[in-house]
Structures are given as structure tokens and as C-alpha cells.
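Reviewing the structure listed below.
The values are calculated or read from the model by the stated rules, or taken from the named source; none is laboratory data. Predicted, not measured: the structure shown is a model, and the values here were computed from it. A quick note on method: Cβ atoms are made from the backbone with ideal geometry, for glycine too, and the neighbour counts reach across all protein chains shown. Surface areas here come from the heavy atoms of the whole protein model, side chains and all, with no ligands, DNA or RNA. Shrake-Rupley method; radii C 1.70, N 1.55, O 1.52, S 1.80 Å.
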Amino acid sequence: TMSVQYVHNQPEVVWLVIPGKASWLKEFFGVQMMVTNLAAPGFVLDHGSATLTVPAGLTLAPTATPQAATVTMPDINGGSSATASWILRGDTEGFYDLNATYAGSLEPFGDTITVEFVGSFAPAVTQRVNSAGEIAGDFQFNSITSAMRYQPGVGRVALPVPAGATQSIGTGINEIGTIVGRYSVGSGTFGAIWSAANQLTTLPPPPGTWSYSTPANINNSGTVCGYATRAIVGSDPQRAWRWTAKLGYEMLAQPAGIVSVCRDINASGQVGGHTEIAASVFRACVWNTDGTLTDLGTPAGTAQSYGLAINDAGAVCGTAGANDVPFAWTAATGMRVLPDFGPGLKAAAYDINNAGWILGWADTAPFETVPVVWDPAGNLHNIATLVDPVRFYFPGDYIVPITISDTNLIVVRGYDFTVSGDPMVLMFRIIAPSACATDLDGNASTGSTDLAVLLSAWGTAGAAGEDLDGDGVVGARDLAALLSAWGPCR
């Protein structure tokens with residue numbers, strides 16, 4: 001088999017060579033992985049490693065020199081190749097599909113080759129994704145805009161709505177799989193919650209004379225944030241709110257003007273968004289759990305800022321200026337402008353996960369927009385150059401990044417030219433370099449999100465390093481290894 005990967009538009013070819021089919025009990029056979037760097041001589045793939053996924057029924061043969069599923073590969077200069085080899089033993093009769101992956105850095109750029117294509121599905125408007133890969137959004141179902149849940153292996157599922165609803169939209173999802181959104185009946189729009197089993201609970205309207213209310217997101221405790229307005233969204237007053245089943249609505253502080261909007265909520269109940277501090281002057285803000293408001297300010301040289309996402313540590317990302325200056329904010333560092341691709345080029349930060357990865361877009365040239373991520377250290381990475389452009393990006397088309405999960409799964413709206421060239425929802429995973437094998441989310445520590453990644457791959461061969469012991473299946477021994485390494489990488 002052969003696959004092509006692109007890093008900063010420099011191609012590399014990965015060959016997996018199997019001499020014959022593995023179909024006989026106790027047969028030993030060799031497998032080779034060849035990596036060819038098709039870039040110019042000045043580009044070197046270094047710090048590389050090859051990992052063979054060994055399916056159940058096959059094992060690494062007990063050779064004189066012990067084997068490992070992951071082997072170190074030499075540096076590969078532009079125009080040259082390197083090979084990794086394994087010897088496998090057949091333990092169970094059958095036919096097997098083998099796959100292997102290569103990871104390394106392309107110098108002089110230094111980007112680690114760690115972006116993998118996960119999948120795509122038919123057009124939909126997507127909003128949020130959780131660690132299991134479930135997505136909240138909407139799609140056209142029976143010619144009606146309908147709230148949906150996308151489930152890996154299942155596809156798009158329309159969510160139930162009250163009788164008479166003319167449209168519905170899913171806007172947020174938590175790690176449990178609970179979705180929030182809105183539906184419209186008559187002249188009103190109201191909030192809704194769908195359980196992991198797709199059972200509908202409707203929210204009452206917020207106190208006041210609001211005719212339109214939409215949740216934005218929900219945390220694992222079931223606390224929801226959103227905002228309410230009247231007839232015309234964007235023209236009439238808007239008011240942010242926080243809701244729990246026990247306490248009902250809390251209308252959040254609004255220091256001046258007529259606008260406050262919630263965009264996201266974290267595990268502790270902090271709400272991120274923006275508010276009006278004077279007539280037509282907007283500031284990114286955090287509403288704290290005690291109801292107080294923190295004004296996040298603006299980057300130097302800008303007059304407006306808008307918070308778009310908040311993680312469990314209270315870090316916020318968003319945009320400033322004319323929605324074209326990306327920023328990150330923490331209580332410790334304050335407002336920090338994220339790098340872009342050069343003077344006069346625009347960028348925006350849309351979402352942030354608990355490891356500190358930020359998803360957004362940036363212009364590489366006027367009217368050339370690509371999806372990007374900023375890593376936890378603030379370095380900018382162009383996702384479009386890390387994957388096959390035939391699958392992902394076509395110059396001149398606007399690619400819209402949407403959301404990133406705590407397992408570094410990113411969701412974008414784009415085009416898949418290996419299928420039809422029609423608009424698609426595309427999913428990719430960023431596999432960050434790590435100081436330890438059990439750190440599956442790349443935050444230099446083994447913790448709950450790594451556990452979620454491993455459990456989501458249970459019983460499979462694993463696609464992102466979850467098969468820690470290299471036996472071809474994610475299972476109890478991998479779980480034991482992860483739990484024994486709990487805490488910071490050492």
C-alpha cells in the first residue's frame with residue numbers, strides 16, 4: 001500500500017511492503033515500511049519513527065533481537081528514502097490488513113508530521129465536537145433545517161423536536177454526549193436539551209419579554225449558557241444567561257449598553273463571550289461563577305474584542321479589531337495576540353481545548369484562507385500544508401474551521417476532492433509530540449483526556465498511539481500502562 005503526506009507543500013511517500021498475504025497459522029513473514037522524502041535536497045525529515053499496527057491474530061516474532069512496534073528511523077534527506085522492518089508471526093488463521101504510520105519533523109520548518117485524516121461526511125452545519133467524535137449541528141432533513149447529532153460509525157441523526165417546530169439547530173455538546181440547541185415554533189425560538197439517548201427536554205423562556213433564546217454550550221454538570229433577544233438578532237437587545245435545572249435562569253451582568261452574548265461555558269461554570277461596556281464598544285469577557293464579570297480588554301491598537309471559547313482552566317480565545325486579530329487570554333498572562341502569516345494578513349481564533357490548542361483560520365495571502373492551529377506554546381501551524389491538498393484544500397475556496405476537541409480532533413467545512421469535490425464536513429486529528437507514550441493529547445501529562453482517547457479506541461488497533469503495548473489491540477494492558485503513568489511526563 002502507498003500513502004502520500006504533505007508538509008509545507010513538500011510531499012513524502014510512505015510504502016508498506018508485505019511479501020504475500022498473511023493467511024497461514026504460525027507462518028513468519030517480513031513487513032517493510034519505506035518512507036521517501038520527495039522534497040528538494042534542502043529539506044530533511046528528522047527525528048523520525050515508524051509504528052506498525054499489529055492486529056489481533058498476529059504478533060511480533062520472538063527474534064534474537066527483541067522487536068518493538070515503534071522503531072526509530074534515520075534522517076531522510078530530500079530525494080532519498082529509509083526503511084523500517086519487522087518480522088510477524090501468524091497465531092490465528094485468517095487474512096489481515098496491516099498499516100503503519102511515520103512521524104517526524106520536516107526541517108527547516110520544524111513542524112511535526114502529526115495530522116491525520118479521520119473522516120468526512122455529507123454537508124452539515126457543525127458547531128461543537130466532543131472527545132468521542134460526536135458533533136452537534138444541523139442538516140437538511142426532509143427539506144427542513146433539523147438539529148443533528150453526528151456519531152462516528154453511525155452518521156447524521158436528526159434530533160426530535162416539539163410538534164409544530166419549523167426548524168431546529170444543535171449548538172453545543174458535552175463529553176457525556178448531551179446536546180443543546182434551539183427550535184422555532186410560530187414566532188418564538190426556544191432552548192432545547194437532547195440527552196445522549198436523544199431524549200428531548202425543552203427549556204422555558206428566560207424571564208422578561210424575550211422572543212428568541214438560544215443555548216450556546218453545556219458542561220458535564222448540565223449547566224447551560226446562552227443568550228436571549230427579541231425579534232431581530234443583532235439589532236434588538238441581547239442578554240447572556242446561565243441556566244441549571246435546579247436554579248433556573250441567571251441573567252448575567254451587563255455593565256452598559258444593550259448587548260451581552262455567551263459563546264461557551266467551562267467545567268466550573270465560567271462563561272466566555274462578550275459584552276457592551278459603552279455604546280457600541282464591545283469587550284471579550286468572562287462571567288465568573290459568583291456572577292461577577294471580568295473585562296478581558298483588547299490587544300494594543302484595537303478597540304473591540306470578542307471571546308469565542310473558554311477552556312476548563314479559564315483560558316479564552318477570540319478575535320479583536322474587525323474580527324481579524326486572533327488573541328488568547330489567561331488570568332496569569334492577560335491578553336496575548338497570536339501570530340499570523342505576516343503584515344496585512346488576517347486571522348481569527350475560534351476554539352480552545354483543555355490542553356491549550358487553539359483552532360482558527362489565517363490568510364497566507366490576500367483572499368487565501370487556510371485552517372490553522374496554535375499549539376500551547378503559541379506557535380502557528382498551517383493545517384492545509386500538513387495533509388494531502390487534493391483531499392483538503394483548494395486554492396481560492398474558503399475553508400471554515402469550526403471546533404477542536406480535547407482529543408485534538410478538529411472539524412472543518414471544506415471539500416474532499418477524493419470523493420466528489422462537493423462541500424463536506426472534514427475531520428482531522430492533530431497528534432502532538434509528547435514526552436511520554438501515554439500522553440495521547442500532547443499536553444506533557446497523562447490524565448483524564450488521555451484516558452478518554454484510549455477508551456474511545458477500546459477493542460480496535462488504535463489510530464493515534466492508543467495501543468501502548470504494540471499487541472495490535474487496545475485493551476486492558478494498555479489501560480494499566482496509562483494508569484500507572486498518571487501525572488506529568490517524566
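Structural remarks
- Subtracting the Cα-Cα distance of residue 201 and residue 489 from 0.36 nm times their residue separation leaves 99.5 nm of extension gain.
- Theoretical FRET efficiency, 1/(1+(r/R0)^6), r = Cβ-Cβ of residue 336 and residue 281, R0 22 Å, to 0.05: 0.55
- For residue 157, residues with placed amide H under 5 Å, excluding near neighbours: 149, 150, 151
- Taking the average, over residues, of other Cβ atoms within 10 Å as the packing measure, peptides 245-255, 51-61, 404-414 rank 404-414, 51-61, 245-255 from highest down.
- Hz values of 3J(HN,Hα) by residue in region 354-360 - Karplus curve (6.51, -1.76, 1.60), Gly and Pro given as x: 6, 7, x, 6, 10, 9, x
- Based on Cα contacts under 8 Å between residues 6+ apart, region 214-271 shows a relative contact order of 36 percent.
- For residue 252, nonlocal amide neighbours, meaning residues 5 or more places apart or on other chains whose placed amide H falls under 5 Å from its own, are 240, 241, 242.
- Tensor-based shape of region 242-332 (alpha-carbon gyration tensor, a/c under 1.5 rounded, otherwise prolate or oblate): oblate
- Qualifying trypsin sites (Lys or Arg not before Pro) in region 144-182, where qualification requires a DSSP coil assignment and no more than 13 other C-beta atoms within 10 Å, are lacking entirely.
- Straightening the chain between residue 436 and residue 460 buys 6.5 nm, computed as 0.36 nm per residue apart minus the Cα-Cα spacing.
- Karplus (6.51, -1.76, 1.60) ³J(HN,Hα), θ = phi - 60°, over region 265-274, in Hz, Gly and Pro reported as x: 9, 9, 4, 7, x, 5, 10, x, x, 9
- Two-site FRET efficiency, residue 166 against residue 300, from Cβ-Cβ distance with R₀ of 51 Å, rounded to 0.05: 0.65
- Distance between the pseudo-spin-label points of residue 87 and residue 72 (7 Å out from Cα toward the beta carbon): 2.3 nm.
- Share of carbon and sulfur in the accessible heavy-atom surface of region 178-302 [1.4 Å probe, %]: 53 percent
- Length added when fully stretched, residue 268-residue 365, from 0.36 nm per residue minus Cα-Cα: 30.9 nm
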